[in-house]
Every structure is written in C-alpha cells, then in structure tokens.
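Note sheet for the following structure.
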Amino acid sequence: MQDNVLLIERKDQFYILTINRPDALNALNNDVFHALDTFFTRLYKDYTIKGIVITGSGSKAFVAGADIKEFASLDETQGRMLSKKGQDILFKIERFHVPVIAAVNGFALGGGCELAMACHMRVAGNHAKFGQPEVNLGLVPGYGGSQRLIQLIGKGRALELLLTADMIDATTAHQSGLVNHMVEPGQEVNKSLEILSKIATKGPLAVSQCIGLVNAYYDKDVDGFEQEYNDFGSTLGSEDAKEGARAFVEKRKPEFKAQ
Ligand code: DAK
C-alpha cells in the first residue's frame, strides 16, 4: 500500500482531505479508495467535526479519473466488484452526517467527477474542467456517475456529456448546476471552509437530517415526506431545538450540543 495518498489535515472543526498522487493527476487507485473508506467510516456520527473538504494535490487536477493503469487488467467479475465497492464508498460520503464539499482545483474527470458529485456541494476554480469520458475507453461510469449527473444537471445535458465524452469548463458547469460556486484558482478550499463555517453555527442534528432528507428524495425505497415529518418530530423534541428557541428569545447565539 502506498503511503500518503490521502493527506488529512484538521483545521479547527473541519478536515481537509487532499488526494495526493500529483504525478498521476490524483487518479483514484485502490489505496486512495481504501484511505477514503477508512476516514469516513472512522468519523461517522462524530459531531465534534463540522465539515470536510476534499481537494486534489497541486493546481492542475482535482482527480483525473479512476487510475486507468490499475483497472485496465481487470476482468468482468473484478470490475463489477470494484464498481460496487467504489459506489459504496461514495455513498458513505453522500450520506455523511456533516457536509462534505469538493474543492475542485482542476480536472474532475470520470471517477473524479463522480467523487465530486457524491459530495454535498462543489466549489470550482475557474480553470476547472469536468467530464465523464468513460466512453472514450469503451466503458460506462462505475462510481454512480450515470445517476448523479442526471440528478444534478438533468437528463439531456447528462446524456450529452456521457455520450460525447466532452469536457465542460467551470462556467458551463456552474450554469448547469453541477457547481455551486466558481472562484479564482487557489481559493477553492478557502471558499469551501467559508461555507462550512456558516453551516457550523447551525443545529448539528438538523444539518445532518437535512442531508438525509435531500438524499431521501433520490432513494426509491424511502418516502421523503414521511421521513420529513418523523425528522421534524425528532428535531423538535431535541435539546438543541429548545436551546435554539431559548437563544432566539434571549437574543443571543445558540450553543448547540448535538443532543
Ligand atoms: N489514470 C492514470 N494516470 C493518469 C490519469 C488516469 N485517469 N490521468 C492522467 N494520468 C497520468 C498520465 O498518464 C501522465 O503520467 P505519465 O505519462 O507522466 O507517467 C500524468 O498523469 C500527466 O498526464 P498527461 O501527461 O496526460 O497530462 P496532460 O496535461 O497532457 O493531459 C488530461 C491532462 C487530464 C487531459 C489527460 O491526462 C487525460 O486525458 N487523462 C485521462 C482522463 C480520463 O480518461 N480519465 C479516466 C476517465 S474513466 C471502474 C470504475 C470506474 C471507472 C473505471 C473502472 N471499476 C470499478 C473497475 C472510471 C473510469 C474513469 O474514471
């Protein structure tokens, strides 16, 4: 296993994860997936943290895809298993209890675009480029890209990107809804931390449940409206909601405890 493929930096209540394979434009190999899986499994439901930023090493690429050199030799069964494993790891990110923002500092292609889409928001440098070029390799996306792209930009635009393998620039990605904010190169992480800092002042249980509710919309097995009234009840009964109301009346900032 390669060391340091994922740099983990704690900054106050946040973590900054940097995918660190600059010589391969931060392509996702098995070691990177393993490190991401370990990190998100270890910290699940840890409310001492308020948000995560994922970015890429250097200034050229966020992640230029799955590692083509690693997956080229796999057979059908191995491919299916690896795709499922990768999907499960990205589900962990999408279902994480605190917001995860992709700070897209360059190419986000194939698996890189898929990783960014599994995050709750995307902040892109204005030099960033997005694409799902799998068909160039005779492949379909393997980490949820065919589904999340539709969710974010709609069926027609998703099909065009998937079928042509074209890259789109940050402006087009922003206009399409793929990207939440566009910033000067080098400012992607700062802007992401600014957004996370704002969210960090809110009720943590409510933030977590908002993430779950938005995900519920896309889960065919879940009735999102039913989940909403249940979550509304549980947040209303929480200590944090009592503190929120008290703080409002007393004209002060609430001190939430995730209880
Ligand atoms: N994998 C491995 N190495 C990569 C890479 C990648 N995806 N992308 C770039 N590199 C490496 C290059 O090989 C090169 O290494 P050296 O030759 O110097 O050793 C180095 O990074 C610098 O790249 P370039 O020299 O190509 O840099 P340029 O500025 O000229 O071009 C580029 C930048 C991003 C346009 C170009 O590198 C490029 O087209 N990269 C490939 C983009 C791409 O097609 N990505 C893969 C998309 S498909 C699976 C699940 C999912 C998937 C596959 C399997 N299973 C479960 C099995 C998903 C697949 C994808 O992501």
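The values are calculated or read from the model by the stated rules, or taken from the named source; none is laboratory data. Source: prediction; values computed, not measured. A quick note on method: Cβ atoms are made from the backbone with ideal geometry, for glycine too, and the neighbour counts reach across all protein chains shown.
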*Give 190, 180 a once-over and let me know the one that is more than 16 Å from the ligand (Cβ to nearest atom) and touching a strand residue (DSSP E or B) at 6+ places or on another chain (Cβ under 7 Å).*
180
*With respect to residue 139, determine if the residue is near the ligand (Cβ under 10 Å from one of its atoms), assigned to a loop (DSSP other than H, G, I, E, B) and aliphatic (A, V, I, L, M).*
yes
*asked:* Whether any residue in segment 168-181 is at pLDDT 95 or above, of a type in the set (S, T, N, Q) and farther than 27 Å from residue 58 by Cβ is what I want to check.
replied: no
*Qualifying position, being of a type in the set (S, T, N, Q), in contact (Cβ under 8 Å) with a residue 12 or more places away in the chain and under 18 Å from residue 37 (Cβ atoms), among 146, 83*: 83
_Candidates 40, 91, 96 - the one that is within 13 Å of residue 116 (Cα to Cα) and either more than 11 Å from the ligand (Cβ to nearest atom) or assigned to a loop (DSSP other than H, G, I, E, B) (or both)_ = 91
_Looking only at segment 104-121, filter to residues that are in contact with a Ser or Thr (Cβ under 9 Å, 6 or more places away or on another chain) and more than 10 Å from the ligand (Cβ to nearest atom); which one of those is farthest from residue 157 (Cα to Cα)?_
105
*Does segment 42-57 contain any residue that is in contact with a Lys or Arg (Cβ under 9 Å, 6 or more places away or on another chain) and of a type in the set (Gly, Ala, Ser)?*
yes
